[in-house]
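Have a look at the structure below, then the notes.
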Amino acid sequence: MDKVISVKEAVSKIKDGDTIMVGGFLGCGTPHHLINYIANETDLKDLTIIGNDTAYIDYGIGLLIKNKQVKHFIGSHIGTNKETGRQMNENETKVTLVPQGTLAERIRAGGYGLGGVLTGTGVGIPEIEEGKQIVEVQGKKYILEEPLHADFALLCGHEVDKYGNTKYRGSALNFNGVMAFAADTVIMEADHLVDIGEIDSNEMVTPGVVVDYIVEGSPLTNER
């Protein structure tokens with residue numbers, strides 16, 4: 001199967017109400033061509049977005065927040081995007097904040113078929129414990145945080161071969177690697193599309209077997 005498709009075709013697979021994982025950390029390692037297309041060329045709405053942060057008001061996931069295409073954001077940081085905070089405080093968009101390490105582990109659990117993550121973070125805080133199962137292990141209490149899974153994962157790799165094997169560049173790996181296993185459909189945006197065999201197996205992080213589609217992009221940098 002030819003996995004390389006256009007951005008337009010890739011985005012057309014997403015529908016209103018879908019849950020989407022988006023790789024990146026304040027825009028670094030974010031699939032900007034895919035996000036920009038959703039924000040500027042579609043009327044997609046009621047999306048649940050899972051990501052580390054909402055970046056900035058006019059950048060990355062922040063574009064989707066600004067457009068009010070997101071009904072629920074699950075992530076660890078919104079401090080660089082005042083619009084996210086405003087929408088949260090005015091009950092326009094639901095925001096669920098999760099400690100960064102817990103977020104990563106919940107995604108990993110979703111990808112690896114685990115039943116959840118036991119964490120001591122939040123134990124004894126009623127607002128955090130509410131609605132969650134408390135598990136005692138060797139006399140110590142933990143909160144059971146449930147796994148996260150998505151309909152789509154929109155990711156970005158530095159070098160991607162035509163089978164989907166992916167190499168990341170430095171810290172742009174961030175959430176991309178773990179999210180690749182936690183979605184029904186994985187769409188990888190390639191900074192550089194290369195031939196099969198060009199990526200050293202020691203540098204390949206995401207195996208092509210979990211990548212469903214590839215779109216060609218080009219590096220977009222954040223000068224903030």
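The values are calculated or read from the model by the stated rules, or taken from the named source; none is laboratory data. Just so it is clear, the structure is predicted and the values come from calculations on it, not from any experiment. Reconstructed Cβ throughout: ideal geometry from the backbone, glycine too, with neighbour counts over all protein chains shown.
Some observations on this one:
- Any hit, region 44-51, residues being surrounded by 20 or more Cβ atoms within 10 Å (Cβ to Cβ), touching a residue at least 40 places away in the same chain (Cβ under 8 Å) and under 21 Å from GLY177 (Cβ atoms): yes
- All conditions in (1) surrounded by fewer than 22 Cβ atoms within 10 Å (Cβ to Cβ); (2) assigned to a helix (DSSP H, G or I) hold for VAL95, with the sole exception of (2).
- Within region 1-21, residues that are among the small types (Gly, Ala, Ser) and surrounded by 12 or more Cβ atoms within 10 Å (Cβ to Cβ) have Cβ atoms under 6 Å from residues that are part of a loop (DSSP other than H, G, I, E, B) and at pLDDT 95 or above in these pairs: GLY17/ASP46, counting only partners at least 6 apart in sequence or on another chain.
Here is a yes/no grid of residues against (1) of a type outside the set (S, T, N, Q); (2) under 19 Å from GLY24 (Cα atoms); (3) assigned to a strand (DSSP E or B):
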{"residue": "LEU118", "(1), (2), (3)": "yes, no, yes"}
{"residue": "VAL135", "(1), (2), (3)": "yes, no, yes"}
{"residue": "TYR142", "(1), (2), (3)": "yes, no, yes"}
{"residue": "PRO147", "(1), (2), (3)": "yes, no, no"}
{"residue": "PHE152", "(1), (2), (3)": "yes, yes, yes"}
{"residue": "GLY157", "(1), (2), (3)": "yes, yes, yes"}
{"residue": "TYR163", "(1), (2), (3)": "yes, no, no"}
{"residue": "VAL178", "(1), (2), (3)": "yes, yes, no"}
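- Residue in region 52-68 that is in contact with a strand residue (DSSP E or B) (Cβ under 8 Å, 6 or more places away or on another chain), closer than 24 Å to ILE214 by Cα and surrounded by fewer than 21 Cβ atoms within 10 Å (Cβ to Cβ) present: no
- Test: residue in region 113-126 that is closer than 26 Å to GLU189 by Cα and modelled with pLDDT of 95 or more: yes
- Scanning region 29-59 for residues that are closer than 21 Å to SER6 by Cβ, touching a helix residue (DSSP H, G or I) at 6+ places or on another chain (Cβ under 8 Å) and either of a type in the set (Val, Ile, Thr) or part of a loop (DSSP other than H, G, I, E, B) (or both) gives THR30, ILE35, ILE38, THR42, LEU44.
- Condition check for ILE187 on (1) among the aliphatic types (A, V, I, L, M); (2) part of a loop (DSSP other than H, G, I, E, B); (3) under 16 Å from ILE35 (Cα atoms); (4) at pLDDT 95 or above: one failure, at (2).
- SER201 meets all of the listed conditions (1) out of contact with any strand residue (DSSP E or B) (no Cβ under 8 Å at 6 or more places or on another chain); (2) outside any loop (DSSP other than H, G, I, E, B); (3) farther than 30 Å from ILE125 by Cα but one, namely (2).
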